[in-house]
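For reference, the structure is listed below as structure tokens.
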Amino acid sequence: MAQAPVANFKATNVATGSAVSLADYANQNGVVLLFTSNDCPFDAYYHTRIKTLIETYQGKINFVLINSYLEPEESEEAMKAAYANWKITVPYLADKEQAALRALGARKSPEAFVLKSSKAGMMIFYSGAIDDSPQTAAGVDESYLKNAIDALLSGAAPVNASRAVGCTIRRQD
């Protein structure tokens, strides 16, 4: 069965106050979307690893952080404060309508999606965990997200999905 393109979505980048949509990346080879949180301990374990990935692939592929949590500690104001502490320069989207969450089927944070541009639209190339060691960088044996980015950039076949481990993002109904 052929995969359908990911539906376009739009959300506010708390770093700049401007709207960002998935369509903004349509002319790129691909984009990495990372669902994250201000408050989930698993996200805190990954801050340094995410920052390293962003720096490693700067100029090669775009990264976008997305927060779809609705709890008060995940407000746009709290997101701005967290973003300032992270010292990164990629968009951090407030997906409070959960359009990105629904478009990608995200369920956890951190959860990664590598999207590849195609004539039909943006397609999921990889989804799942960043690596196989949620609590410590020293324990990483398999770097799923890095492997997926390398495969995309080299024109290789998509990497198999892995199961994301982290905090569950509650959906609004």
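The numbers here are math on the coordinates, done by the rules we state, and not lab data. Note that the structure is a prediction, hence the values are computed from the model and not measured. A quick note on method: Cβ atoms are made from the backbone with ideal geometry, for glycine too, and the neighbour counts reach across all protein chains shown.
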Quiz prompt | As computed over the chain, the Cα convex hull volume per residue (Å³) | solution = 115 Å³
Quiz item: So which trypsin sites (Lys or Arg not before Pro) in segment 41-72 pass both tests, a DSSP loop state and at most 15 other Cβ atoms within 10 Å of the Cβ?
Solution: 60
Quiz item: Amide H of residue 164: which non-local residues (sequence gap of 5 or more, or other chain) have their own amide H closer than 5 Å, using H built in the peptide plane?
Solution: 129
Quiz item: the chain: longest stretch without exposed GluC sites (Glu not before Pro) (DSSP loop, at most 15 other Cβ within 10 Å), sites themselves excluded?
Solution: 1-96
Quiz item: In debye to the nearest 20, how big a dipole does the chain give about its Cα centre with +1 on each Lys and Arg Cβ and -1 on each Asp and Glu Cβ?
Solution: 440 debye
Quiz item: When 159, 165 are ordered from fewest to most other Cβ atoms inside 10 Å of their Cβ, what list results?
Solution: 165, 159
Exercise. Give me the distance in nm between label points sitting 7 Å out from Cα along the Cα-to-Cβ direction at residue 7 and residue 71, one decimal.
Key: 2.6 nm
Quiz prompt | Theoretical ellipticity at 222 nm over the chain - DSSP helices of four or more residues, -39500 (n - 2.57) apiece, nearest 500 | solution = -7500 deg cm²/dmol
Quiz item: Pairs of lysine in the chain with Cα under 16 Å and at least 8 positions apart or on different chains: total?
Solution: 9
Quiz item: How far apart, in nm, are two points set 7 Å out from the Cα along the Cα-to-Cβ line at residue 48 and at residue 150?
Solution: 2.1 nm
Self-check item: segment 138-148 - phi-based ³J(HN,Hα) in whole Hz, Karplus 6.51/-1.76/1.60, Gly and Pro as x
Solution: 5, x, 6, 9, 10, 9, 4, 5, 4, 4, 5
Quiz prompt | Length gained when the stretch residue 89-residue 24 is fully extended (0.36 nm per residue, less Cα-Cα span) | solution = 21.7 nm
Practice problem: Show the residues, 5+ positions off or on another chain, whose built amide H is closer than 5 Å to the amide H of residue 125. | Solution: 114, 115, 116
